[in-house]
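The values are calculated or read from the model by the stated rules, or taken from the named source; none is laboratory data. All values reported here derive from a predicted model rather than from experimental measurement. FYI the Cβ positions are ideal-geometry reconstructions off the backbone, even for glycines, and counts take in every protein chain you see.
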Amino acid sequence: MGAAYTITGAVALGGGYGGVAGILLSPVGAVVGSVVGAFTADPAAIVVQREETARQILTNRALQEALRDRLAAAGRVQTGGKFVVLADDRGPAARDTQVGYAALAQEGIGTVLEVRVDNVHLEGGGIDPPLALRMTARTRIVRTAGDLELYASSLTYSGGEQHTLEEWVARDGELLRRELERADAILAEKIVDEVFLLVLFPARSGDK
Amino acid sequence: MTPRWLVCALLCFCTACAQSPPPVSGLRPAYPEPWGPKVDSLLPTLRWEPFPRPADLKADTDGWVARVRSVTYDLRIWRTVKAGHPFMYPGDLIYSRDGVPEPLHTVETPLAQDTSYLWSIRPRFELDGEVRVTEWSMLKFPNEWGFAPRAPRVPPLAYYRFRTP
């Protein structure tokens, strides 16, 4: 089936996890994207071509960088904090690699928020099914002093837009590109909320 | 694609909602009601309960609510994407306001006629000198089904709903 592509990135922050300027580590490494369950009655060659188009869109988009930049922008707007994107070689080099950030403490960076797109694919089932975009991003907050992991989380974007593979890749993938931007925006906003801004209600509405 | 048990449970939930105010997570809307009524205008005035609520103050065992300052509200309205099942995905974000000073807001750009929308609000405030927010408000489903405000899946499918005339 379709091919893949993935991204890795990192961010750093101030706010709730203590201090300093926010930092974004640039992505490194390979991401995996694919089309899942896209069985169709169309000739195999056409299906392969469409999957290749979808793969190219995902590959060429630089998914890690797109999410990282969205996250930095959202963080600046929502928190007024300073977010700095770190150089590519400061982040993990591969999907399952964990890097140490202790050296950054010497540069005055207290905390790093690492963000990484782990998976992106179109998902559906049946014959020529409607497919929806899924994108999973992992975040990790590390205090550079002592390389202490303070927080780790995973979020999955599951979009409501459903189209056939043919529709997703039509017009140079216009719909797919738009949906990817939407996924970035929603994931970035949610990560900023969770990491920097969110305080839980002391009372649930049902408690009243 | 939606499991039959889930559809049945949702229908039961809707029936229950018709008989009593639907449970919500976060600030409860005063107008329109949370579950999809038709609003009276293409420029509706949306209203919701203010923060902090008496229940928040009562439950504030850590004392942080008492330290909240400069409360405003964030408001979002999305076009609805139904996506072939009974749950409502938020589609395009078509209206957004941050820092609304009171727990009400009259929409300033006309909405489309006879169209379904999702909407939500949340408090934004200062706490010990830092900007903070709470979760976005939304319908609260039985057992939450992964649609809770902090579920590891985004976007939520349980934002408040209304339809324009």
- request: Being within 10 Å of another protein chain (Cβ to nearest Cβ) and in contact with a strand residue (DSSP E or B) (Cβ under 6 Å, 6 or more places away or on another chain) is the filter; apply it to the stretch A:162-193 and report the residue that is nearest to A:Gly110 (Cα to Cα).
  value: A:Ile191
- prompt: Applying the selection to the stretch B:56-98, what residues are within 17 Å of the chain's Cα centre (by Cα) and away from chain A (no Cβ under 12 Å)?
  reply: B:Thr72, B:Tyr73, B:Leu75, B:Ile77, B:Ile94, B:Tyr95, B:Arg97
task: List the number of the failed condition for A:Phe196; all other conditions in (1) more than 13 Å from chain B (Cβ to nearest Cβ); (2) within 18 Å of A:Leu71 (Cβ to Cβ); (3) assigned to a helix (DSSP H, G or I); (4) among the aromatic types (Phe, Trp, Tyr) hold.
output: (1)
message: Among the residues of the stretch A:148-157, are any part of a helix (DSSP H, G or I), within 11 Å of chain B (Cβ to nearest Cβ) and not polar (S, T, N, Q)?
response: no
message: Take the conditions assigned to a helix (DSSP H, G or I) and more than 18 Å from A:Ala137 (Cα to Cα) and apply them to A:Arg171. Does it pass?
response: yes
From the options B:Leu46, B:Leu42, residue that is part of a strand (DSSP E or B), more than 9 Å from chain A (Cβ to nearest Cβ), in contact (Cβ under 8 Å) with a residue 24 or more places away in the chain and out of contact with any helix residue (DSSP H, G or I) (no Cβ under 9 Å at 6 or more places or on another chain): B:Leu46
statement: Those residues of the stretch B:21-38 that are over 15 Å from B:Pro103 (Cα atoms) and assigned to a strand (DSSP E or B) come to a total of 6
message: For the stretch A:129-140, check the following and say yes or no: at least one residue is away from every other protein chain (no Cβ under 13 Å) and either farther than 27 Å from B:Ala158 by Cα or surrounded by 15 or more Cβ atoms within 10 Å (Cβ to Cβ) (or both).
response: yes
query: Only one of these conditions is not met by B:Ala158: (1) away from every other protein chain (no Cβ under 11 Å); (2) crowded, with 20+ Cβ neighbours inside 10 Å; (3) under 12 Å from B:Ile77 (Cα atoms). Which number is it?
result: (3)
Matching residues, the stretch A:135-156, being among the aliphatic types (A, V, I, L, M) and over 30 Å from A:Arg178 (Cα atoms): A:Val142, A:Ala145, A:Leu148, A:Leu150
message: Scan the stretch A:113-122 and tell me whether some residue there is within 17 Å of A:Arg50 (Cα to Cα), facing another protein chain (nearest Cβ under 9 Å) and either of a type outside the set (D, E, K, R) or part of a helix (DSSP H, G or I) (or both).
response: no
task: Can you work out which of the residues in the stretch A:123-143 that are farther than 29 Å from A:Phe196 by Cα and not in a loop (DSSP other than H, G, I, E, B) is modelled with the lowest pLDDT?
output: A:Ile127
- request: Being among the polar types (S, T, N, Q) and either closer than 13 Å to A:Val117 by Cβ or at pLDDT below 80 (or both) is the filter here, so list the residues in the stretch A:42-67 that pass it.
  value: A:Gln49, A:Gln56, A:Thr59, A:Asn60, A:Gln64
